[in-house]
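Here's the structure, in structure tokens; my notes come after.
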Amino acid sequence: MRTDMPVTIRRSDYAPPAFLVDTVDLDVHLDPAATEVRARLALRRNPAAAPDAPLLLDGDGLTLLEARLDGAVLAAGRLQFGPDGSLTIADPPAAGLLETTVRIAPEKNTALSGLYTSGGNFYTQCEAEGFRRITFFPDRPDVMSRYTVTIHADRGLCPVMLSNGNPDGSGHGEGNTHWVRWVDPHPKPSYLFALVAGELVNVHDQFVTKSGRLVSLNIWVRRGDEDRCGHAMDSLKRSMAWDEEVFGLEYDLDVFNIAAVSDFNMGAMENKGLNVFNTKYVLASPESATDGDWQGIETVIAHEYFHNWTGNRVTCRDWFQLSLKEGLTVFRDQEFSADMGSRAVKRIRDVRGLRAAQFPEDAGPMAHPVRPDSYIEIDNFYTPTVYQKGAEVVRLIHTRIGPAAFRRGMDLYIARNDNQAVTIEDFVSAMQDASGVDLSFFMGWYDQAGTPEVTAEGRYDPEARRYVLTLRQQTPPTPGQPEKKPLPIPLAMGLLGPDGAEMPTRLAGENAAQADTRILILDNAEKSFTFEEVPAPPVPSLLRGFSAPVRLKGVPRDRLRFLAVHDTDPFVRWESGQQYAASVMLEMVAAQQRGEALGFDPALAEAVTNTLAASEADPAFAAEALVLPGEGFLADQMEIADPVAIHVVRRHLRAEIGRRCAAALRATYDALAESGPYRIDGRSIGRRALRNACLAYLAAAGETALAKAQFDAATNMTDSLAALSLLSDTTGPEREQALAAFHARWRGDDLVLDKWFSIQAMAARDDVIDQVRALYAHPDFDLKNPNRARSLIGAFASGNPARFHDASGEGYRFLADAVIALDPINGSIAARLVGPLGQWRRQSAARGALMRRELQRVLDTPALSKGTFEKASKALL
Ligand code: B3K
Ligand code: ZN
């Protein structure tokens, strides 16, 4: 158990920095065991801060070799070291030049925060608080400085040396060393600092901005990976063009570098002019990457590029404002991907993702507002709530004020706040001022946690030809927020006639009817809307396009069936089908719990047949519609989840549908067989998704041989992996043959090997826990590599609910063992893995007790990182 109690940081305690740093001059002498960093900081007192505030420089694990102030060595008496590694300088002048030299050991840095080595090369990760692991500095985003960075290293060890900004000279040094200088003309917070050096090769291209700036684009990878960068480069160029066209935002340096690294804590990082990427989001070839991987690359490349304006030029005042950059940038990358492919399918996927990750978070022990009030470890708040729900809140504003006003609001936001560190209020007020719409009430979405539940009730008066729609909202309590206020909920909606046709709508008091979707604003606990001149009893279609991150409850099944067929909005058609299936499945789960036989609702088979018959028009949409609601989605609808019963029901239905619809499934499967070269356009991706959805049903009905045949013949990773994951659920010899063949073929490719681990961790077999333990001891398993750790531990705990929640508690024990082993190596990844154990309140009493026992065991571990401490202790509250 930790003996010191980690400090809680509160938003209400914000105080401006005591000192500002106008310029930073770094000299970095790279050495894996002993790197020296000399920093020259031009400091001055911040006129906005208290005049006697101390000069505190953050630091973490630094060995100070020397400190000088305006050229004079600082005596030891003026240096005070804090228990956290920080440095306070006594009697600071109002302004001065502070020079420090520190020593660090990149090769010992397994946390992958600060400067570290991977495969002999050097990389950095500074967001949120990694810069303090490189040099002493006021490491907070509201200190923005201009950086000049000179890197020195052995020529053989580091032929390539990169940092932020533009290159500004290079030369020979002593012995076999050389140096390179980089100057970033734009002021930036320390979290955007980056340095990459080592043996790297670049794939080069260029882009001319709309005002004529020639930008050199480079993707830096290990030799041998050059031929897998084409899609990333193409995505980058499309992102640059899109941001100019849609938001008028142009790139602002002469070079844009991306470096790919295989040891990386998350997806990618938007460092100014030098993005660092997990190889997972750069490298792709048809043989080795799935369609999902291709789409992920496009999204992440765009996301990091878009941060150049939303995040870098306009940054966050403090880490509570994280969603200011993340929610907005996710919104921007979602819009970009929607424009690149099918908007409807993109929306469906985003909503699926939000519900799979954010809804449970909002209903669990770590529930927090999009703008949190407090944290122990900020790393724990890079969450689906800050990112995905944050993007939904930006979308609400977009829906409320319309696209034209939103664009004016973005222009105003950037014009007012360029080169500044600002708050969420600054964003909302720009949107308000540009639109003339009062958005003060919308701030509630940033400050209140929990998912609002919305219900609707309609009454039709045939005499008066009037329809009254009453909407109600209510948000369940979350930790620390027992009372909830109503929020402004924009509800996109329409009315359908009995024939399924869209009816024009006219609200009481309006002069003219509106032909299509309109927005109602539910801004009270309850509000009624009266529609006039409604010729027949209407069917309301609500929450079109998922216009707000809420749970729409209580829509009767007959209406869901009607909407699934007739609605004009593709999202509502998909959603209604899913909600219908979910309602049937939850009833079956209850039957299963009572020990009754599992029946079958023929409407589900009918829906599959109808979807297949109409699939030619939009195969990607059909594929989304065919997939039954996921196990996590169903669990999230239950007060007390029953992961095993849910799994049994879903499996039963898949097999049953596979049998009943076998002919149609097989016909579609055969018709979609691909001939010709592999293509990754939207239609080809949709066709593969639909074909693999058919295969999944057929395999569930026992057609293992078909899956094996596809596996053997596959020429792309999408088809190969789809077949392998179906085989991995089975027990026959084909399974072992396929897994062995896959391993033999791909053992030299880390990204593909991750998939091999994940598939086995997520398999629907009774002996999965034993297999997962065996894989943990496999020679190819490496706890130090975050991708590999996630591919086994994360995939099992989050992707295999029925086995993770095995009644024996073995799944929980495995997870806790892994967290305890990983915590001293990489506390950030360990803390992330704790999540699934925190959901104990939504499990049965028996499971809950086992989960709590493991959380307690984690918490009792000596010297636990503060991130893991925060996750485990909050989960136990
Ligand atoms: N800003 C980074 C995430 C940093 C996470 C630090 N624990 C990537 C992104 O959101 O673009
Ligand atoms: Zn981001």
*Scan the stretch 246-298 residue by residue and report those that are away from ligand 1 (no atom under 16 Å from the Cβ), over 20 Å from ARG213 (Cα atoms) and in a loop (DSSP other than H, G, I, E, B).*
SER262, LEU283, ALA284, SER285, PRO286, GLU287, SER288, ALA289, THR290
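Can you spot a residue in the stretch 391-403 that is touching a residue at least 24 places away in the same chain (Cβ under 8 Å) and surrounded by fewer than 18 Cβ atoms within 10 Å (Cβ to Cβ)?
Checking the stretch 391-403: at least one residue is touching a residue at least 24 places away in the same chain (Cβ under 8 Å) and surrounded by fewer than 18 Cβ atoms within 10 Å (Cβ to Cβ).
Would you check if there is a residue in the stretch 281-290 being within 15 Å of ligand 2 (Cβ to nearest atom) and under 30 Å from SER190 (Cβ atoms)?
Checked the stretch 281-290: at least one residue is within 15 Å of ligand 2 (Cβ to nearest atom) and under 30 Å from SER190 (Cβ atoms).
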_Residue match in the stretch 167-177 (condition: assigned by TED's automatic domain parsing to the domain that holds GLY119 and surrounded by 23 or more Cβ atoms within 10 Å (Cβ to Cβ))_ = no
*Determine whether GLU270 is within 12 Å of ligand 2 (Cβ to nearest atom) and of a type in the set (Asp, Glu).*
yes
*Which of the residues that make up the stretch 393-428 are within 16 Å of ligand 1 (Cβ to nearest atom) and under 19 Å from ILE519 (Cβ atoms)?*
VAL394
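Give the number of residues within the stretch 291-328 that are touching a His at 6+ places or on another chain (Cβ under 8 Å), within 26 Å of GLY686 (Cα to Cα) and within 16 Å of ligand 2 (Cβ to nearest atom).
2
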*Scanning the stretch 178-207 for residues that are part of a strand (DSSP E or B) and touching a Cys at 6+ places or on another chain (Cβ under 6 Å), which turns out surrounded by the fewest Cβ atoms within 10 Å (Cβ to Cβ)?*
VAL203
_Positions within the stretch 154-188 being among the small types (Gly, Ala, Ser) and out of contact with any Phe, Trp or Tyr (no Cβ under 8 Å at 6 or more places or on another chain), in sequence order_ = GLY156, GLY169, GLY175
*Is at least one residue of the stretch 129-140 modelled with pLDDT of 95 or more, more than 17 Å from LEU62 (Cα to Cα) and surrounded by 20 or more Cβ atoms within 10 Å (Cβ to Cβ)?*
yes
*Consider PHE336 carefully, then state whether it is more than 16 Å from ligand 2 (Cβ to nearest atom), part of a helix (DSSP H, G or I) and not aliphatic (A, V, I, L, M).*
no
*asked:* Looking at the stretch 530-557 only, could you name the residues that are among the aromatic types (Phe, Trp, Tyr) and over 15 Å from PRO504 (Cα atoms)?
replied: PHE546
*Quick one: in the stretch 791-841, which of the residues that are basic (Lys, Arg) and buried (at least 23 other Cβ atoms within 10 Å of the Cβ) is nearest to the chain's Cα centre (by Cα)?*
ARG832
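Given the condition in contact (Cβ under 8 Å) with a residue 24 or more places away in the chain, outside any helix (DSSP H, G or I) and within 16 Å of ligand 1 (Cβ to nearest atom), answer yes or no: does some residue in the stretch 318-333 qualify?
yes
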*Among the residues of the stretch 411-455, which ones are assigned to a helix (DSSP H, G or I) and of a type in the set (Gly, Ala, Ser)?*
ALA415, SER429, ALA430, ALA434, SER435, SER440, GLY444
*If we scan the stretch 383-392, do we find a residue that is basic (Lys, Arg) and more than 16 Å from ligand 1 (Cβ to nearest atom)?*
no
_Could you list, ordered by first residue, the pairs with Cβ atoms under 7 Å in which the first is in the stretch 498-526 and under 21 Å from ALA464 (Cα atoms) and the second is part of a strand (DSSP E or B) and β-branched (Val, Ile, Thr), at least 6 apart or interchain?_
LEU507/THR530; ALA508/THR530; ALA513/THR505; GLN514/THR505
*For PRO360, state whether it is in a loop (DSSP other than H, G, I, E, B) and either crowded, with 20+ Cβ neighbours inside 10 Å or not charged (D, E, K, R) (or both).*
no
*For ALA153, state whether it is touching a residue at least 24 places away in the same chain (Cβ under 8 Å), in a loop (DSSP other than H, G, I, E, B) and buried (at least 17 other Cβ atoms within 10 Å of the Cβ).*
no
*Please work out if ASP767 is over 21 Å from the mean Cα position of the chain (by Cα) and farther than 30 Å from ARG651 by Cα.*
no
*Within the group ASN275, ASN257, which residue is more than 16 Å from ligand 2 (Cβ to nearest atom), under 19 Å from LEU192 (Cα atoms), touching a strand residue (DSSP E or B) at 6+ places or on another chain (Cβ under 6 Å) and not assigned by TED's automatic domain parsing to the domain that holds GLU326?*
ASN257
*Name, by its number, the condition in (1) assigned by TED's automatic domain parsing to the domain that holds GLN843; (2) away from ligand 1 (no atom under 16 Å from the Cβ) that does not hold for ALA830.*
(2)
*Just to be sure, is ASP780 in contact (Cβ under 8 Å) with a residue 24 or more places away in the chain, assigned to a loop (DSSP other than H, G, I, E, B) and either more than 25 Å from the chain's Cα centre (by Cα) or surrounded by 14 or more Cβ atoms within 10 Å (Cβ to Cβ) (or both)?*
yes
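Going through the stretch 1-36 one residue at a time, which ones are basic (Lys, Arg) and either surrounded by 18 or more Cβ atoms within 10 Å (Cβ to Cβ) or outside any strand (DSSP E or B) (or both)?
Hits for the stretch 1-36 are ARG2, ARG11.
The values are calculated or read from the model by the stated rules, or taken from the named source; none is laboratory data. Please read these numbers as outputs of a predicted model, since none were measured by experiment. Please note: Cβ atoms are built from the backbone with ideal geometry, for glycine as well, and neighbour counts cover all protein chains shown.
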